[in-house]
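Values in this text are rule-based calculations from the coordinates and carry no lab data. In this text the structure is predicted, and so the values were computed from the model without any measurement.
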Amino acid sequence: MRSTRFRIPLLTLALAAGLVACSGNGGKADPPGQSLPGAESPSSNAQQPASDTPKIANPLPASLVQGDPCKVLTDAQVKTLFSGVSPAVQPSQDTGVAKQCRWSNPSRGSGIGVQLVYAWKDGLGHVYAKKNEGFFKELAPVQGYPVVAYGPSDDRATGRCSVAVGIADDAAFEVDVKLANDQVGSSADPCQDAQHVADLAVITLKAGA
């Protein structure tokens with residue numbers, strides 16, 4: 001996780017349809033130092049979720065956020081995201097708020113990160129409760145699960161975006177993306193890429209549920 005108060009960025013990806021080919025176009029291997037909503041203090045877990053937090057119609061087991069983040073994306077999925085290139089992998093780490101895994105292509109400056117946020121006892125409620133404190137944008141759901149791009153600030157212009165995905169009313173995970181250096185400033189949208197990675201992650205999580 002990171003420093004102050006909003007998220008856990010670290011991913012990147014590459015979409016074949018011109019979004020961001022991580023093999024050289026997308027990613028966020030080294031997220032800026034931010035922390036998840038609700039990670040600031042133990043009392044934050046008692047925080048009331050916002051009333052507009054979307055309810056999860058078909059929840060996945062909340063226990064999934066206790067799993068191995070490096071297995072949330074399969075090797076085949078990761079290779080596709082990086083356009084066939086085998087990225088460097090940073091072993092799973094437990095930050096005390098989430099379990100995280102990172103993939104990156106150092107030569108391109110791209111990276112992807114997945115964080116299973118076990119500290120978010122209210123799932124997306126933590127993110128919605130702080131939606132007026134920074135960047136917040138609802139994106140289209142992935143397979144019926146709500147997705148929100150968020151952070152202390154809107155970093156899309158620098159090729160970075162983090163999204164939170166609710167898989168149960170009491171469970172969520174995060175995907176972080178850093179575009180490849182040559183994609184920063186282009187029409188590529190790191191939030192769309194992060195949304196795509198989230199979709200792949202949900203496929204894998206559902207298979208293991």
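Which pairs break 19 Å Cα to Cα here: Lys71/Lys137; Lys130/Lys206; Lys55/Lys121; Lys99/Lys121; Lys131/Lys206; Lys99/Lys137? Beyond 19 Å between Cα atoms: Lys71/Lys137; Lys130/Lys206; Lys131/Lys206; Lys99/Lys137. Computed from backbone phi, the HN-Hα couplings of segment 96-101 come to x, 10, 8, 9, 10, 9 Hz, rounded to whole numbers (Karplus: 6.51 cos²θ - 1.76 cosθ + 1.60, θ = phi - 60°; Gly and Pro given as x).
Given Cα pairs under 8 Å that are at least 6 residues apart, what percent is the relative contact order of segment 49-208? It would help to have the intermediate numbers written out before the result.
Working: 331 pairs, mean separation 39.9, N = 160.
Taking the mean separation of contacting Cα pairs over the length of segment 49-208, I get 25 percent.
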